[in-house]
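All of the numbers you see were taken from the coordinates with simple rules; none came from a lab. In this text the structure is predicted, and so the values were computed from the model without any measurement. Neighbour counts are summed over all protein chains in view; Cβ atoms, including those assigned to glycine, are modelled from backbone coordinates with ideal geometry.
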Amino acid sequence: MKYSNEVIINLPLDKVIELFDSEENLFKWQPELISFEHVSGEKGEVGAKSLLKYKMGKREVEMTETITVKNLPKEFSGTYDAKGVWNEVKNYFEVIDENTTRWYSDCHFEFSGFMKIMAFFMPGMFKKQSQKYLDQFKAFAEGE
């Protein structure tokens, strides 16, 4: 499954990247995030792996993030491996004007097992969740 999302943020690109490229800020715009633990590689750089734990409803979801591209302020991309799900997210940032930034992301999901069934019956759920994170970041960033 592939799809794209975007959000317009009413802040300059440099401020958006400063807020986005901060491990501490993740918890401010991803309230479902329980923990973020660096596992290997140079922290925050290409090849780095981190373990992320999220509270999704009544269950916890664990995934491994691997940074694949860090070319800020233009792009930050990575893969996310969880039980039954592999996800690649390519995030792109561009200047609209001196006080406005566009963040768009291209998502690619591959599923196995039970998650393949979930994706078949509720494909919109994944795009909606991705958009929710972009919208939550916008609210956080513009409120800073």
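Report the extension gain between Leu51 and Asn99 in nm, rounded to one decimal, defined as 0.36 nm multiplied by the number of residues separating them, less their alpha carbon distance.
Details: separation 48, 0.36 × 48 = 17.28 nm, distance 3.39 nm.
Length difference between fully extended and current span is 13.9 nm.
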- Query: Mean 1/r over all different Cα pairs, inverted: what Kirkwood radius does segment 2-143 give, in Å?
  - Reply: 15.7
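For the chain, list the DSSP H helices whose alpha carbon atoms reach 30 Å or more along the long axis and whose average Kyte-Doolittle value is -1.0 or above? Could you put the intermediate results ahead of the total?
Numbers: long enough: 123-143 (31 Å, -0.95).
For the chain, where a helix must reach 30 Å along its axis and average at least -1.0, the hits are 123-143.
Rounded to the nearest 20 Debye, what is the dipole magnitude of the chain about its Cα centre when Lys and Arg each give +1 and Asp and Glu each give -1 at the C-beta? Before the final figure, lay out each step's value.
On the way: 19 positive and 24 negative charges, 163 e Å.
Magnitude of the dipole: close to 780 debye.
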- Note on the structure: When the charge dipole of segment 2-143 is computed with +1 at the Cβ of Lys and Arg and -1 at the Cβ of Asp and Glu, the Cα pointing farthest to the positive end, of Pro73, Phe111, Leu51, is that of Phe111
- Expressed as a whole-number percentage, the relative contact order of segment 2-143 with C-alpha contacts under 8 angstrom and at least six residues apart is 29
